[in-house]
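What follows is a short report on a single structure.
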Amino acid sequence: MKRILILGSSGGNLYNLGGKDPKSLLEAVVRQVQSTTETEIAAIQFVAVDASLDFAKPTTAAHLWSWNGQEPVIIAEGTLKEIDKVAQEHDQKMADLIDSNQVDGLILMSADPAGTNKKAITAAIKHHIIAAGTGGTSMSNAQKIGLNVVAVSGTTGTTNETRAVSAMFALTKKWQIKYSPLIGGTDKDNNGASQNIWQNISLRGILMACLPAFITMAITLLISKIPGIPKSTNALFDIMLNGLPVIISAVAAKQISGLNDIAICAGVIAGLFSTKGGLIGGIICGIMAGILVSVIFKKCLQWHFPGTTANICAGSFAGLISGLTGYYLIAHLSAKLGDFLQFILNTAIAINPILAGAVAGFIIFPAILTGCYHAIFLPLIMLQMSKYGNSFLGAIDMCSLIMVATGINLANVLYPQKPSDRALAVPGLFINLLFGTYAESVYPFILSNKLEMIGTLICSTLAGCVVGLFNVSGTAYVPSFLGPAMSNNWLGFLLAMLTGIVSAFIMVLLINKLEKGKLS
């Protein structure tokens with residue numbers, strides 16, 4: 001087992017690149033050290049200052065972080081002058097650890113070999129301990145006095161994660177230990193990416209994360225319709241429309257690679273080149289960028305590139321390769337694919353809009369119950385919105401799904417079968433009305449009563465028929481009172497909404513009265 005000592009400070013330039021959040025910075029290093037069973041944390045001495053050390057004063061607030069055996073913790077608080085004194089005393093403990101052969105390697109981040117880390121680094125030199133880290137000036141000074149540095153990099157262009165990965169690559173390679181970087185967290189961390197990059201490709205995850213951009217686009221379309229608004233506001237919608245592939249590409253690259261900043265940069269570059277490919281082009285190029293940025297970054301570290309250079313290479317080349325591939329090979333095909341899918345939808349609506357609305361309304365509840373909504377409905381809604389700003393299926397979503405759920409909740413609030421049903425229905429009622437989402441709130445009712453499930457399908461089909469009758473396009477995920485204003489036909493949209501909510505309300509009211517009659 002190789003034991004690693006972490007030394008450093010929040011630094012000057014480092015302060016603006018993760019040092020101002022010492023907990024996240026240290027946890028990133030700890031996560032990489034603990035990603036292999038052959039390395040562990042020996043100790044931590046990290047001075048965190050509430051300002052960049054380029055501008056900090058002796059009176060600036062500071063903290064001293066250490067290691068309690070499980071996680072980084074603060075062991076002292078005070079001014080920078082006071083913490084420096086405590087750190088110098090703590091430095092002796094670090095040196096004693098090294099002298100007692102309890103340390104095999106150092107990870108340095110803006111360390112101070114002439115001050116707060118002097119004794120520890122001197123002991124490391126004496127015992128030929130290897131070190132890796134970042135901070136151009138501090139690492140250079142450490143090397144000058146004889147520290148065996150196996151990897152060094154400046155701080156510019158790095159992140160907490162890439163610095164930690166870079167240092168661990170160097171140390172484990174020297175020790176000939178197998179090391180697979182833990183990119184984006186652990187599999188148990190819902191916010192982190194899986195170690196298998198292919199498992200991170202999730203159309204649902206990408207589109208749900210991009211939903212605010214689609215709603216923003218719909219809002220810009222609404223603004224352009226306000227009477228008296230200058231025609232120049234039409235450009236707002238065009239800007240959002242052209243920017244969607246860039247946003248989607250950046251989100252896809254980040255989610256897939258788990259590398260945050262450099263992945264976002266690569267995704268933006270790829271997205272800028274893929275704008276002609278529309279929604280589908282942005283997704284494809286973003287996925288490519290996410291895969292490439294991870295592969296290139298790891299390869300650069302294996303080839304002993306400094307962390308800054310690895311970041312630059314990964315972000316720029318991944319974005320450029322994906323973007324040029326999208327521009328010359330993918331954009332035309334993805335645009336054609338998008339047009340083809342829209343043609344099928346538009347043709348179905350044109351042939352018989354009422355039937356199209358009825359079918360969509362009938363299947364939307366089963367779709368969300370079986371998980372097909374996010375796999376089929378949501379991508380098609382966003383595909384339509386990416387071209388028109390609103391969507392026929394978006395109107396189905398609001399009227400046949402959200403409003404029907406609202407009617408079910410309202411009936412259970414006003415006339416529940418049992419008092420506990422009212423408590424279940426109240427949150428769902430307000431969330432559906434105020435936020436245009438949370439159809440899942442009616443699951444306890446429709447899944448426990450077959451008659452109510454059948455009635456729900458009938459009501460959602462009726463609402464879909466009205467959507468088709470007026471050939472309405474709109475969106476869900478917005479407050480219900482804004483739905484008509486954000487549609488292409490406010491009156492038709494309003495009537496479809498009322499059909500959904502009123503029919504569902506009456507249906508559940510009758511069922512609840514019937515069930516209560518049976519009980520009595």
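The values are calculated or read from the model by the stated rules, or taken from the named source; none is laboratory data. If you're wondering where the values come from, they're calculated on a predicted model, not measured in any experiment. Using ideal geometry, Cβ is built from the backbone for each residue, glycine included, and neighbour counts are taken over all protein chains shown. Protein only, heavy atoms only, side chains kept; ligands, DNA and RNA dropped before computing areas. Shrake-Rupley method; radii C 1.70, N 1.55, O 1.52, S 1.80 Å.
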Do the conditions hold for Gly133, that is, is it touching a Lys or Arg at 6+ places or on another chain (Cβ under 9 Å) and under 24 Å from Ala170 (Cβ atoms)? yes
Considering residues of segment 297-308 that are over 24 Å from the mean Cα position of the chain (by Cα) and either hydrophobic (A, V, I, L, M, F, W, C) or farther than 14 Å from Gly133 by Cα (or both) only, the residue surrounded by the most Cβ atoms within 10 Å (Cβ to Cβ): Leu301
Residues in segment 159-168: is at least one out of contact with any strand residue (DSSP E or B) (no Cβ under 6 Å at 6 or more places or on another chain), modelled with pLDDT of 85 or more and in a loop (DSSP other than H, G, I, E, B)? no
Subset of segment 510-520 [in contact (Cβ under 8 Å) with a residue 24 or more places away in the chain and either open to solvent by less than 40 Å² (accessible area, probe 1.4 Å) or in a loop (DSSP other than H, G, I, E, B) (or both)]: Ile511, Asn512
Considering only residues of segment 94-115 that are within 12 Å of Leu7 (Cβ to Cβ) and assigned to a helix (DSSP H, G or I), which is most open to solvent (accessible area, probe 1.4 Å)? Leu97
When residues of segment 183-207 are filtered for being open to solvent by less than 70 Å² (accessible area, probe 1.4 Å) and modelled with pLDDT of 55 or more, how many remain? 10
Residue among Ser24, Ser10 that is polar (S, T, N, Q) and open to solvent by 10 Å² or more (accessible area, probe 1.4 Å): Ser24
Residue hits (segment 116-134; open to solvent by 20 Å² or more (accessible area, probe 1.4 Å) and either part of a helix (DSSP H, G or I) or over 12 Å from Gly146 (Cβ atoms) (or both)) are Lys118, Lys119, Thr122, Ile125, Lys126
Quick check on my filter: what residues within segment 263-286 are open to solvent by 10 Å² or more (accessible area, probe 1.4 Å), more than 14 Å from the chain's Cα centre (by Cα) and either closer than 12 Å to Ala318 by Cβ or not small (Gly, Ala, Ser) (or both)? Cys265, Val268, Ile269, Leu272, Phe273, Thr275, Lys276, Leu279, Ile280, Ile283, Ile284
Qualifying position, being farther than 25 Å from Ala213 by Cα and among the small types (Gly, Ala, Ser), among Gly394, Gly357: Gly357
Go through the residues of segment 319-333 one by one and say whether even a single one is without any contact (Cβ under 8 Å) to a residue 40 or more places away in the chain, among the hydrophobic types (A, V, I, L, M, F, W, C) and within 20 Å of Ile197 (Cβ to Cβ). yes
Just wondering, is there one or more residues in segment 397-418 that are closer than 23 Å to Arg204 by Cβ, polar (S, T, N, Q) and touching a Gly at 6+ places or on another chain (Cβ under 8 Å)? yes
Go through segment 339-386 and count every residue that is surrounded by fewer than 16 Cβ atoms within 10 Å (Cβ to Cβ), in a helix (DSSP H, G or I) and not aliphatic (A, V, I, L, M). 8
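Yes/no matrix, rows are residues, columns are (1) farther than 30 Å from Asn242 by Cβ; (2) out of contact with any helix residue (DSSP H, G or I) (no Cβ under 6 Å at 6 or more places or on another chain):
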{"site": "Ala395", "(1), (2)": "no, no"}
{"site": "Cys399", "(1), (2)": "no, no"}
{"site": "Asn412", "(1), (2)": "yes, no"}
{"site": "Tyr415", "(1), (2)": "yes, no"}
{"site": "Ser420", "(1), (2)": "yes, yes"}
{"site": "Leu447", "(1), (2)": "yes, yes"}
{"site": "Lys450", "(1), (2)": "yes, yes"}
Taking only pairs six or more apart or across chains, which ones have beta-carbon atoms under 7 Å, a first residue in segment 277-289 that is over 11 Å from Gly323 (Cβ atoms) and without any contact (Cβ under 8 Å) to a residue 24 or more places away in the chain, and a second residue that is among the polar types (S, T, N, Q) and open to solvent by 20 Å² or more (accessible area, probe 1.4 Å)? none
Could you give me the residue pairs with C-beta distances under 6 Å whose first residue belongs to segment 480-499 and is within 13 Å of Ser391 (Cα to Cα), whose second residue is of a type in the set (Gly, Ala, Ser) and in a helix (DSSP H, G or I) wherever it lies, and which are 6+ apart or on separate chains? Met486/Ala218
Scope segment 22-38; condition of a type in the set (Gly, Ala, Ser) and not in a loop (DSSP other than H, G, I, E, B); matching residues: Ser24, Ala28
I'd like to verify a number: residues in segment 148-158 that are more than 16 Å from Gly8 (Cβ to Cβ) and at pLDDT 80 or above, how many? 2
